[in-house]
Amino acid sequence: MRAFGIVLIVVGILALAVPSFTFFTTERAVDTSFLTIDTKKPHTIVLNPIVGVVAAVAGIALVFAGSRKTGAV
């Protein structure tokens, strides 16, 4: 549980540092025997800052919960 908390903290900080990222996909527009035309389409993913804050806080909570020692009854 502690490792998952650390991963959530890192993802939360990255979501706050990089609010959006863009990647491109290539699609074939024309494909004939002698002519091929490819187009690149951009796709942008925008991350809400609230998502980063919630992930970081949840990660911190998991790290603290994982570091607690529970008594076996």
What number, in percent, do you get for the relative contact order of the chain if the mean sequence gap of Cα pairs under 8 Å and at least 6 apart is divided by its residue count? 47 percent
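Give me the dipole magnitude in Debye, nearest 20, for the chain about the Cα centre, with unit charges on the beta carbon: positive for Lys and Arg, negative for Asp and Glu.
440 debye
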Taking the dipole of the chain about the Cα centre (Lys, Arg +1; Asp, Glu -1; charges at Cβ), the one of ALA56, ILE37, PHE24 that reaches farthest to the positive side is ALA56
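The numbers here are math on the coordinates, done by the rules we state, and not lab data. Being a predicted model, the structure only gives us computed values, none of them experimental. Because the Cβ atoms are built from the backbone with ideal geometry, glycine has one as well, and the counts that use them run over all protein chains shown.
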